[in-house]
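Data first, discussion second: the structure below is written as structure tokens.
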Amino acid sequence: MTQAFGNYAVLLQREFGWSRTLFSAAFSLTRAESGLLGPVQGWALDRFGTRGVMRVGVVVMTVGFVGLSQIQNAVQFFVAYLVISIGMSLSGFLSITTATVKWFERKRARALALSGMGFAVGGIVTPLVVYFLRAFGWRWTAAASGLIFIVVALPLTSWFGHTPESRGEPVDGIDPADSVDHLVRAEGVSDVHFTAREAIRTRAFWMISLGHASALLVVGAVIAHLSLYLTTEQDFTLQQASFVGGALPLLQFVGQLVGGVLGDRVNKRLLASLAMLGHMTGLLLLTYATNRWMIWLFIPLHGFSWGVRGPLMQALRADYFGSTSFGKIMGVSSMVVMLGMIGGPLVAGTLADATGDYQLGFTVLALAAGAGLFFFVAATPPAPPVREDAAGVDLAI
């Protein structure tokens, strides 16, 4: 639903006449939910495991899609989309990421890149979703999406919930007795597992979170407004806009492959900083496009940067703070990160309604993302936490 939101928005705007600000508010509300739910979800993941949390999410998301198919007004739309978002959060990104980091260290960036490709694949099939939206209507498409999701996703949750220790398998699939000198250990990989309280006391926690939020200013605005921008200001049809939207995750897919490989070999902070420049340049090209080639150049700049940067955000946190409390740490971080997904769509939609086009809003967001690269420059590895032993003596471990 995240990837297809803009296409649903075009059809809902045509049917109900709702403003761009309303769609921005709906998208931002659900992103706020994701951030506020994060600490509770992180605690539940560390306490109960991923399988049960994901199963609840699958059921909730299905209920939300069926509810969306029955809406008659804006309030019902907000409620249905909020339910979908809760289900998507519980069954998606944070749960899958938490499970993945427990299994990998030296190959962590690659593993996170591969696990995150489902999001990219979902975006690639956006043109197919648009075909069904046009052929069968958004109500039937929403209901069918919910039913298909529970049939496919619920059995897949059985693959989650295990740890290397519970399966008697080593991290990275490498026997500790074997030599691993040929494998590079990333900058800042810690053998100390920080608690959530210890992590949030470090500068690195806040720099990574703020850098991540800066990137999502652009990501959120593009997800929420790309189709509306292309159909209202660039004379694209909805189907043509869906091809642009579908091409973005294709480049994201490629970027994840590259980012996953490079992230285990090259400084992750450098890669993330370069990706921020890609986000900024891509959105500026889209904003000031006077020819179609500028829009098509936006696709690799934004999509590839998104893909390269994505797995590095979680890999950096896991490298610095360990995996034991990763769910809680990511959950708390999501409260900061959500500011980007909330702010981006709201700034773009509100300024578009106020000025009559997206130029000012997109420009502000692009420049803010470019400035955000300095957060990653400052996200140097934290010092180990100081803890007290049983005798009350402070130990730096």
Checklist outcome for this item: Residue count, the stretch 320-333, condition farther than 18 Å from F48 by Cβ and buried (at least 24 other Cβ atoms within 10 Å of the Cβ), comes to 3
Next on the checklist: Taking the criterion of being under 22 Å from F236 (Cα atoms), in contact with a Leu (Cβ under 7 Å, 6 or more places away or on another chain) and among the β-branched types (V, I, T), would at least one residue in the stretch 306-319 satisfy it?
Outcome noted: no
Checklist entry - L147 fails exactly one of the following numbered conditions: (1) at pLDDT 75 or above; (2) in a loop (DSSP other than H, G, I, E, B). What is the number of that condition? => result (2)
Checklist entry - Checking D235 against (1) crowded, with 23+ Cβ neighbours inside 10 Å; (2) more than 20 Å from the chain's Cα centre (by Cα); (3) over 25 Å from T30 (Cβ atoms), which test does it fail? => result (1)
Checklist entry - Considering the stretch 46-56 alone, what residues qualify as being within 11 Å of S89 (Cβ to Cβ) and either surrounded by 23 or more Cβ atoms within 10 Å (Cβ to Cβ) or in contact with a Ser or Thr (Cβ under 7 Å, 6 or more places away or on another chain) (or both)? => result V53, M54
Item to check | Positions within the stretch 258-269 being surrounded by fewer than 18 Cβ atoms within 10 Å (Cβ to Cβ), touching a residue at least 60 places away in the same chain (Cβ under 8 Å) and hydrophobic (A, V, I, L, M, F, W, C), in sequence order | outcome: V261
Checklist entry - For the stretch 7-22, does any single residue satisfy the condition of being more than 25 Å from S158 (Cβ to Cβ), at pLDDT 80 or above, aromatic (F, W, Y) and in contact with a Pro (Cβ under 9 Å, 6 or more places away or on another chain)? => result no
Item to check | Those residues of the stretch 59-86 which are surrounded by 18 or more Cβ atoms within 10 Å (Cβ to Cβ), in contact with a Leu (Cβ under 9 Å, 6 or more places away or on another chain) and within 14 Å of Y8 (Cβ to Cβ), in sequence order | outcome: G64, F65, I71, F77, A80, Y81, I84, S85
Checklist entry - Out of curiosity, is G310 in a helix (DSSP H, G or I), closer than 21 Å to A247 by Cβ, modelled with pLDDT under 90 and not acidic (D, E)? => result yes
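The values are calculated or read from the model by the stated rules, or taken from the named source; none is laboratory data. All values reported here derive from a predicted model rather than from experimental measurement. Every residue, glycine among them, receives a Cβ derived from its backbone with ideal geometry; neighbour counts consider all protein chains shown.
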